[in-house]
Every structure is written in structure tokens, then in C-alpha cells.
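Some notes on the structure that comes next.
The values are calculated or read from the model by the stated rules, or taken from the named source; none is laboratory data. None of the values given here were measured: they were computed from a predicted structure. Neighbour counts are summed over all protein chains in view; Cβ atoms, including those assigned to glycine, are modelled from backbone coordinates with ideal geometry.
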Amino acid sequence: MNKLIILFLIFILSSCNHKTIKKKHLDSTVQEEIIEMEPLIVKKDKILSLSELFKKANDFVLSNDYKNALLTYNKLKTIISKEDKPLLNYNIAVTYYKMNKFDKSLEIYLNLLKNKNIDKQFLIDIIINITEIYGKNKKWTKINELLDKYYKKFNFIDNKWDYIELSIRYEVALYHKNRFDDAEFTSLKAYRKFKKHRKIFSYLSREQRYFLSMGYFFVGEITHKRFKEIKIIGTVKKMTKILDKKSELVLRAQNYYMNSMNFKDKYWATASGYRIGEMYDIFYNQIVKAKINVKLTFEEKIVYKEELKIRIQNLLKKAIAIFEENIAMSERLSENNLWIKKTLKRLENAKTKYLQIKRIEIEKEL
């Protein structure tokens, strides 16, 4: 192997070391080429009766008797005051949603948006429910159009958790329209508010942990994409800088995924575990496949590739260890979702590559 090859190896290896029924719809589905969100289990309805006139209808909703709930709500239309009609219509929209009549529910919510007299908290409830319906149908453009218009009207001090949730919903919609910078900014700004006022949230519900975990996962996804898109190409000096940048992005994405795991949502924890292991596996593959600006004979190429694989095998070892830990975690949590299936498949592939490296090392010793 000539001096140029040795020099390249030195460089490359050094770089690798609501009030009546306060109900938000929670079973939207987020899907990308390999991202599929599980439906959330809907949280218990929270009753905050505006008037006893609503109690009977509310009880019907809580007992899943939606037909009688609608009949009762419709009777109230003739006797309720004009001021209370938006609230009544909101409840009707919630009921239609629970009946899976999403178009009817959405139509009512959109009409409620035209009412200029409703307060901001009521407005944010309506907007969250609209984004839920749009999310079920993956209408990310619709969510972006809605939140581009309304999001800046809200702030954490007034809306607290609703502000956090809306920020994360916005982030996911922005992500799916490739508005990565906007998505990252929106989400991280919300997390700064959350951390600053963490004492307000003495207890986090399953729903809240789900959203907080999902938000960090998608920030990790944005960083992960940036890492994958940087190609390892050019002169030895240029490639060294590229590897440094990619290493930095791997660590940053890993940090976001770890933050996602810290909120202990089973689905997003296993998704994040898979992504971390996948990054190290991808990094290994990208380095092995990188083209160098040095002319080599056929034999020299074989020697170079074998030596390179041996020197960067730690990337594979990390990937394998993370995949195995993800599987162990899923067993502890009794979780068996698509991310675990992906983990098992990727783990098998990584182990095959690692065994090939061990064979090369043994052959060199003979």
C-alpha cells in the first residue's frame, strides 16, 4: 500500500474515534416513508359543566351513547343563549368525532373559527382538535396553513400545556412538509419554555409524555436527515472535515433521541433507540463506501477496504450494542411495535458485517 493510502487512513480514522367537554382528539396518525405513529389511547373526558342544561348530554357522551347525546344537544339549541351556542356546537363536534364522523366534526370546528368573540383558550382547543382531524388524514399542508395563521397568537404564560402541545403538533406538520428549520425552531422554543417553567407540571400524564417524547424524536429526525445527506467525498483533507461534521451531527441527534427516551413513552422510546443504532450503522456503511481521490490497483482496493473495516469496526459494535439494548428495553416494557421489528432486522445485518470483520482479522494473523 503506498504512502497516500496510509495517509488517508490516518486522517479518516482520526475522525471516527372547553369547557363542558374538554376533549382533544388524540388518535392522529403520522406517517412518512418509514415513520408510522401508533394511535394514542384517548384520554378520559374531563367534564367542566357550564350549566346543568348540559349535564344530561355530557353523561350520554361519557357513557358512549352518542346518539342520545346528539338528540339532547340538539334540543338545547332552541333554548340556549346566543353566547353559549359556540360551546354547544363544540360539544356536538366532539361527539361527531367520537362517532368517527370526522367531516361533520371538522365542518363545525371550522365554522367556530369564524366567531370573533370566543376567548383564546377556547380558540386553542378548537385549533388543536382541527389539527387532530387533519393529522388523521395526513393533511400536513392544511395544518401548516392553519397554524401559520394562528400559532403566533398564543403564548406559554396564558396557555401553558396547550402551547407546548400545539408547538409539537406544528413541528410534526412542518417536518412533513420539509420545513425543517421552522420545525426545529418551533419545537426547541417550546422546550425552552417547558424547562423554564417545569415546576408548573408536577405530574406529566401519559398524553403529555407522549407529545414531549414525540417532539424530541422529530428534532432528532431533522438532525438525522442532515447527517445522512452529507456525502463523504473529496480530497483527504476535505473528507476529514466532512467526517468531523457528520460525527458532530450523530452526537447531536443522539442527544435529542435520548431526550425523547427520557419521557418514557414506550413507542417513542423504542423508535429513538432504533434510530440511534441505525445512525452508527449508516455511518459505518458510508465510510466503507466512500470514494477516495487516489488511484489504486484492484489488489490495493481490497487491502484498503479490509483495513478500513477493521479500523472503524467500533461504529458497528456501537450499533449492535444499541440495537440489543433496544430489544431488551422492549421486553421490559412488553412493547412489540414496528420499531422493534426494524431493530431485529438491522441487528442481524450488523452482526453479519461484524463477523466478516472478525474473519478478516483472523486471516491476517495466520
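In region 199-247, what count of residues is obtained for those that are touching a Cys at 6+ places or on another chain (Cβ under 7 Å) and under 24 Å from residue 132 (Cα atoms)?
Number satisfying all stated conditions: 0.
Look at residue 320 and say whether it is assigned to a helix (DSSP H, G or I), more than 21 Å from residue 216 (Cα to Cα) and at pLDDT 90 or above.
Spelling it out, residue 320 is indeed assigned to a helix (DSSP H, G or I), more than 21 Å from residue 216 (Cα to Cα) and at pLDDT 90 or above.
So, in region 58-98, of the ones that are hydrophobic (A, V, I, L, M, F, W, C) and part of a loop (DSSP other than H, G, I, E, B), which residue ends up farthest from residue 108 (Cα to Cα)?
Across region 58-98, the extreme among qualifying residues is 79.
Which count do you get for residues in region 147-167 that are of a type outside the set (Asp, Glu) and crowded, with 21+ Cβ neighbours inside 10 Å?
4
For residues in region 255-280 being in a helix (DSSP H, G or I) and charged (D, E, K, R), which is farthest from residue 324 (Cα to Cα)?
Looking at the filtered set, the residue picked out is 266.
Would you say residue 174 is in contact with a Phe, Trp or Tyr (Cβ under 8 Å, 6 or more places away or on another chain), in a loop (DSSP other than H, G, I, E, B) and surrounded by 13 or more Cβ atoms within 10 Å (Cβ to Cβ)?
The answer is no for residue 174.
So for region 187-205 (the condition being among the aliphatic types (A, V, I, L, M), modelled with pLDDT of 95 or more, surrounded by 13 or more Cβ atoms within 10 Å (Cβ to Cβ) and in a helix (DSSP H, G or I)), does at least one residue qualify?
Yes, there is a match, as at least one residue in region 187-205 is among the aliphatic types (A, V, I, L, M), modelled with pLDDT of 95 or more, surrounded by 13 or more Cβ atoms within 10 Å (Cβ to Cβ) and in a helix (DSSP H, G or I).
Restricting to region 109-129, and then to whatever is assigned to a helix (DSSP H, G or I) and either basic (Lys, Arg) or over 29 Å from the mean Cα position of the chain (by Cα) (or both), can you tell me which residue is surrounded by the most Cβ atoms within 10 Å (Cβ to Cβ)? Outline the logic, then answer.
Taking region 109-129 first, the residues assigned to a helix (DSSP H, G or I) are 109-112, 120-129.
Checking which are either basic (Lys, Arg) or over 29 Å from the mean Cα position of the chain (by Cα) (or both) leaves us with 111-112, 120.
Details: 111: 13, 112: 22, 120: 14.
Among them, the one singled out is 112.
Residues of region 185-238 being within 23 Å of residue 155 (Cα to Cα) and aliphatic (A, V, I, L, M), which ones?
188, 190, 200, 204, 212, 214, 219
In the set 105, 167, which member is touching a Gly at 6+ places or on another chain (Cβ under 9 Å) and part of a helix (DSSP H, G or I)?
None of the others qualify; the one that does is 167.
I want to confirm something. Restricting to region 177-186 and keeping residues that are of a type outside the set (Val, Ile, Thr) and in contact with a helix residue (DSSP H, G or I) (Cβ under 7 Å, 6 or more places away or on another chain), which single residue is surrounded by the fewest Cβ atoms within 10 Å (Cβ to Cβ)?
This residue is 177.
So in region 66-106, with the set limited to residues that are under 39 Å from the mean Cα position of the chain (by Cα) and of a type in the set (Gly, Ala, Ser), which one is farthest from residue 131 (Cα to Cα)?
Looking at residues that are under 39 Å from the mean Cα position of the chain (by Cα) and of a type in the set (Gly, Ala, Ser), I get 69.
When you go through 308, 296 one by one, which is the residue that is over 30 Å from the mean Cα position of the chain (by Cα), within 17 Å of residue 240 (Cα to Cα) and surrounded by 15 or more Cβ atoms within 10 Å (Cβ to Cβ)?
Numbers: 296 fails: within 17 Å of residue 240 (Cα to Cα).
Of 308, 296, the one residue that is over 30 Å from the mean Cα position of the chain (by Cα), within 17 Å of residue 240 (Cα to Cα) and surrounded by 15 or more Cβ atoms within 10 Å (Cβ to Cβ) is 308.
Please pick out the residue among 222, 242 that is among the aliphatic types (A, V, I, L, M) and modelled with pLDDT of 95 or more.
Of the residues listed, the single one that is among the aliphatic types (A, V, I, L, M) and modelled with pLDDT of 95 or more is 222.
Within region 225-250, track down each residue that is among the aliphatic types (A, V, I, L, M) and either closer than 22 Å to residue 342 by Cβ or in contact with a strand residue (DSSP E or B) (Cβ under 6 Å, 6 or more places away or on another chain) (or both).
Matches in region 225-250: 249, 250.
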